[in-house]
1. Taking the label point 7 Å from Cα in the Cβ direction, how far apart in nm is B:Pro148 from each other copy of itself, listed shortest first?
2. With an 8 Å Cα cut-off and a minimum separation of 6 or more residues, compute the relative contact order for chain A in percent.
3. Suppose every K and R has +1 on its Cβ and every D and E has -1 on its Cβ; what is the size of the dipole of chain B about the Cα centre, in Debye to the nearest 20?
4. Lys and Arg at +1, Asp and Glu at -1: add these up for the other residues within a Cβ distance under 13 Å of A:Lys147 and post the number.
5. For B:Gly100, what charge total do you get from the other residues with a beta carbon under 12 Å from its beta carbon, if Lys and Arg give +1 and Asp and Glu give -1?
6. Once the Cα gyration tensor of the range B:1-116 is diagonalised, what are the square roots of 5 times its eigenvalues, in whole Å and ordered largest first, as equivalent ellipsoid semi-axes?
7. Select from the range A:221-236 all residues whose loss of accessible area on going from the chain by itself to the full protein assembly reaches 50 Å² or more (probe 1.4 Å).
8. What part of the accessible area of the range A:37-149, given as a whole %, is carbon or sulfur when the probe is 1.4 angstrom?
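The values are calculated or read from the model by the stated rules, or taken from the named source; none is laboratory data. These numbers come from a predicted model, not from an experiment. In this analysis, Cβ positions are derived from the backbone assuming ideal geometry, glycine residues included, and neighbour counts consider all displayed protein chains. SASA here: full protein model, heavy atoms, side chains in, ligands and nucleic acids out. Shrake-Rupley method; radii C 1.70, N 1.55, O 1.52, S 1.80 Å.
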2 protein chains.
Amino acid sequence: MQKIDDGRRLTRQVMVGDVAVGGGAPVSVQSMCTTDTSDSDATLSQIKRLAEEGCEIIRVAVPDPSALDGFERICAASPLPVVADIHFDYKLAIAAAERGAAALRVNPGNIGSMDRVDAVIEAASVAGIPIRIGVNAGSLDPEVAQKPGLTLVERLVASCVSFVEHFEERGFQNIVLSAKAHSVPVTIQTYRMLSKQLPDYPLHVGVTEAGTLQQGTVKNCAAVGVLLNEGIGDTMRLSLTADPVEEVRVAWELLGALGLRRRNPELVSCPTCGRTQVDLIGMAQEVERRLKSIQAPISVAVMGCVVNGPGEARDADIGIACGRGKGVIFVQGEPLRTVREEQLVDELFSEIQKRFG
Amino acid sequence: MQKIDDGRRLTRQVMVGDVAVGGGAPVSVQSMCTTDTSDSDATLSQIKRLAEEGCEIIRVAVPDPSALDGFERICAASPLPVVADIHFDYKLAIAAAERGAAALRVNPGNIGSMDRVDAVIEAASVAGIPIRIGVNAGSLDPEVAQKPGLTLVERLVASCVSFVEHFEERGFQNIVLSAKAHSVPVTIQTYRMLSKQLPDYPLHVGVTEAGTLQQGTVKNCAAVGVLLNEGIGDTMRLSLTADPVEEVRVAWELLGALGLRRRNPELVSCPTCGRTQVDLIGMAQEVERRLKSIQAPISVAVMGCVVNGPGEARDADIGIACGRGKGVIFVQGEPLRTVREEQLVDELFSEIQKRFG
């Protein structure tokens, strides 16, 4: 398997609108609208909020023919490439390709027959758009699903392999692959096996049905963290049962934490302990809140005491290390000045604005 | 390197009070009090809250001699083994060992001289308690810190190796090791190298100064997720700038997600999309809230539509799959009955109570 500079697996490159996926492109961040697709105004307004948070590809459901007009309006006005999410009805996939989809997401396992899948492939070829083959544990290739003696991981991978072979036989390789499960170990093992068996195709990674904000964040970061750390994964969608804006925030936090991409400032803050003599949790939350309006990929430290503070805050681009009722502002390793606790956050941000704003 | 059944690295076993760490013991969950140690009532009340959430080892700061009386009261009454967190003053470590600490956490790099470290080793030997050698990026072995040409990872590991050699020369091997940084890649590389160079000692894993609840959860789950997935890590503390109860909750979520240990029910819920015809986010949050009072390690599904719902909810011990204004309750793969949306959560919990309560 070929690898690129940062240790990531080198796949073919697929274009979703103007966003490159795979083939050395940065790992892109996706989400999915929770609005009614027929309500194109509400959907476009959600897409704009998501784009502001750094979402790069958006998916919307096309559940029935009545959604197609809304879908077309969304594609025409969206600032992000729009992927049509189709289940069951191949005619919806064809219509979505004709009405402006930047990509189709289909699960060939629930489209019905392979003739119908072929019609979808034909429509995508004509429109010049990629197809994400999105298998998941709940809807496998019917033939594979019935084979005895296979583990869920093997079933997921075998479904993908069987679908990809079918697409390749029709000369269609403009493919992104996903095979999602809600179990972290199953997700990790499935994508490892996929990246071995189908090394040429970009992988869309994520945990499905991961749960609410806290549990879903844990599951997605564990699974996708392991995979990205091994160089597996070209685009990601971290499913959360929450406002999709949170999916985008968590995705960027994860990319930043792994050192793959950084969009926003990083906050380094100590966990506080019996030594802390200032309201550090309050201070860190306030710094985090104000950092949301800063776009520079800087590292900002909020440290509670003299034990780790001075040593570790120096690591950051800018930081504060607190003592009793006062603190020191550091800038790129050098103490700048001592400030009273009440003014510490304000002074920190006037320095951030001056230097990185 | 020897591995045990579940692929985890086999180390020597160290006892922190009655909690075994390493040597095949389950990965234990730690946290640290944020209360003033002198205020033993407040600290004990925090420890009780943490114990109820599943914390198994608790650390408290002993910042100065005035904290020692409170520390002794805490050790005498705590339901969890208490680790004394000591910096700078070796006399505090000796006093803590004499007054009931279940373990000492020291960073030999900030104790002053190795003679003083020897006095701490002697006190721990007499008390029969282990020492966690806790190196972190802000306070390395002074000799190692000044060596040119080493990366931070190499400095962290070299500090540990040098300290461990010193302890072993004095015949002391009742050791747990940690080497923390706030960077996820540095944390991963450091613990991988530690587990190769010092394979015999249990490792305490975590990211330090990880940040507030959301960012800290992402960083800890990415780093500790990768490490635990590779079989590295015997006890964990996920530092968050938040109520320490959150550290314990996230730690258990992570252990559950990785399939290592499960304490609480798992919620499998879909992310909702344009197909969803019920208030699924509200429903999932309500189910999550009510599940906090259930201790059985069951898997509960809350699914929004017919696409993935029936297929994936069958995976769970019990679940609901929703349609328009109503839903189906599944129990271990079998549909039980159809219920109106308003009664779905109540009916789900009456089934949970009946079967797993």
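1. 7.1
2. 13
3. Here the size comes out at about 840 debye.
4. Counting the neighbours of A:Lys147, the net charge comes to -2.
5. Counting the neighbours of B:Gly100, the net charge comes to -1.
6. After scaling each eigenvalue by five and taking roots: 26, 20, 10 Å.
7. Those residues are A:Asn229.
8. Percent of accessible area from carbon and sulfur atoms in the range A:37-149: 48.
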